[in-house]
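Here the structure is laid out as structure tokens; the discussion comes afterwards.
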Amino acid sequence: MTPPVFIFVGHSGSGKTTLVEKLLPELSRRGRRVATIKHAHHQVKLDTEGKDSWRYKNAGAVMSMLVTTDALQLVADAVDRREPLQLAERFLGEADMVLAEGFSHAPGPKIEILRRACGKPPRCALEDGLIAIVTDCPEIYPELPHFGLDELAGLADFLLGYSEKAATL
């Protein structure tokens, strides 16, 4: 079963990571197991050259998992499955919900973070899957649900309600 995926979008510096970071404890407190997916536009080193999991990947493993007493790290070929929903289907079935950051061009329900101080227009439009906006700009997309930058309980209520409604469709 694929958990519902919500994509948080916004310009650099808008507060996407901070919002998701603050939202996680609110959803966890409500008994939800939440996974996250972060899209990076730059090259990131996922494994340490010369270490076992790196050696396995370089030897041809399609996935390599490092397991410690309190965590695990998975390095896998993304190939053509890089959209948040595809990643959630493949790897995150144990989660109740997935919060993805970035992926502004990917299909799926999006919540945009837009701060007046950033001085930029919205990244997404309604036809891009925008379902809500976290902002201090009430005039932007007035037809959508709006949440303040620190309105975590209301945003959590919205996400849970949206998930429940989507599950019945």
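The numbers here are math on the coordinates, done by the rules we state, and not lab data. Model, not experiment: these values are computed from the prediction. Using ideal geometry, Cβ is built from the backbone for each residue, glycine included, and neighbour counts are taken over all protein chains shown.
Close amide H contacts of V34 (hydrogens built in the peptide plane, cut-off under 5 Å, sequence separation of 5 or more or a different chain): D96. In plain terms, the chain is cut at each of the trypsin sites (Lys or Arg not before Pro) found in a DSSP loop with at most 16 other Cβ atoms within 10 Å, and the longest leftover piece is 83-169.
Among V134, V67, V98, the residue with the largest mean-square fluctuation in a Gaussian network model of the chain, with springs joining Cα atoms closer than 10 Å, is V67.
Using a cutoff of 8 angstrom between alpha carbon atoms and counting only pairs six or more residues apart, the relative contact order for the chain works out to 32 percent.
Each residue of region 149-162 is assigned a 3J(HN,Hα), and the resulting list reads 4, 10, 8, 5, 4, x, 5, 4, 4, 4, 4, 5, x, 4 Hz, derived from the Karplus form 6.51 cos²θ - 1.76 cosθ + 1.60 (θ = phi - 60°), x at Gly and Pro. When the GluC sites (Glu not before Pro) in region 116-169 are filtered for DSSP coil states and for at most 14 other beta-carbon atoms within 10 Å of their beta-carbon, the remaining sites are E139, E143, E151.
In angstrom, the C-alpha Rg and Dmax of region 78-169 are 14.2, 40. Calculated on the alpha-carbon coordinates, the convex hull of the chain measures out at 138 cubic angstrom per residue.
Rounded to the nearest 20 debye, the dipole magnitude of the chain is 340 debye, with +1 charges on Lys and Arg beta carbons, -1 on Asp and Glu beta carbons, and the Cα centre as origin.
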